[in-house]
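Engineer: Next up is a structure, given as structure tokens.
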């Protein structure tokens, strides 16, 4: 961290989330420059994704859906650069499907996939910084 409190190259921004006695952590690090201002929201959303994945693995599909939904709420629209027209975002269709089903497993799976996709797009948006999530998006490295 530099003297202004800005996280710089290699300095991870780590976030923990807690819900119903379950905890998950995530961090965002950049290889070049400083973590973008939206980095805290992205790291928090990644922690919610880790929690959603853990809850799904434990068979708690309603909890997985709730955790993924919270991650989507935190990330908001930060995942897509409005000036970029080259990335096709079909996640709204999946969100609509998740909201229209009564199947908790399907809902949790859809919401988790949407959050994962949006975090991947967030990474693309900031690829010039060498942005990296820990654990990586996609579930690698999750306990």
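Engineer: Provide 90, 60 in ascending order of the number of other Cβ atoms located within 10 Å of each residue's Cβ, fewest first.
Structural biologist: 90, 60
Engineer: I've got another one for you. How far is helix 39-57 tilted, in degrees, relative to the longest principal axis of the Cα atoms in the chain, given as a value from 0 to 90 rounded to the nearest 10?
Structural biologist: Taking the Cα atoms of the chain, the angle to 39-57 is about 30 degrees.
Engineer: Now for a different question. Under a GNM of the chain (C-alpha, springs under 10 Å), which listed residue has the highest mean-square fluctuation: 115, 95, 49?
Structural biologist: Largest GNM mean-square fluctuation: 95.
Engineer: Does segment 13-134 come out rounded, prolate or oblate by the C-alpha gyration tensor, with a ≥ b ≥ c the root eigenvalues, rounded set by a/c under 1.5 and, if not, prolate when a/b is larger than b/c and oblate if not?
Structural biologist: oblate
Engineer: For the Cα atoms of the chain, what angle does the longest principal axis make with the long axis of helix 104-125, in degrees from 0 to 90, nearest 10?
Structural biologist: 20
Engineer: Working from Cα positions, state the angle (0 to 90°, nearest 10) between the long axis of helix 61-75 and the longest principal axis of the chain.
Structural biologist: 30
Engineer: Now for a separate question. So what's the back-of-envelope 222 nm ellipticity for the chain, counting only DSSP H runs of four-plus at -39500 (n - 2.57) apiece and dividing by all residues, rounded to 500?
Structural biologist: Taking each H run of at least 4 residues, the total per residue is -15000 deg cm²/dmol.
Engineer: Full extension from residue 58 to residue 19: what is 0.36 nm times the residue separation minus their Cα-Cα distance, to one decimal in nm?
Structural biologist: Separation in residues times 0.36 nm, less the Cα-Cα distance, equals 12.6 nm.
Engineer: Which one of 123, 76, 20 has the biggest mean-square fluctuation once the chain is modelled by GNM with Cα springs under 10 Å?
Structural biologist: In the Gaussian network model the winner is 20.
Any read-out appearing in this document is the output of simple, stated calculations on the displayed coordinates, not a laboratory observation. These numbers come from a predicted model, not from an experiment. Methodologically, a virtual Cβ is constructed for each residue, glycine included, from the backbone with ideal geometry; neighbour enumeration extends over all protein chains shown.
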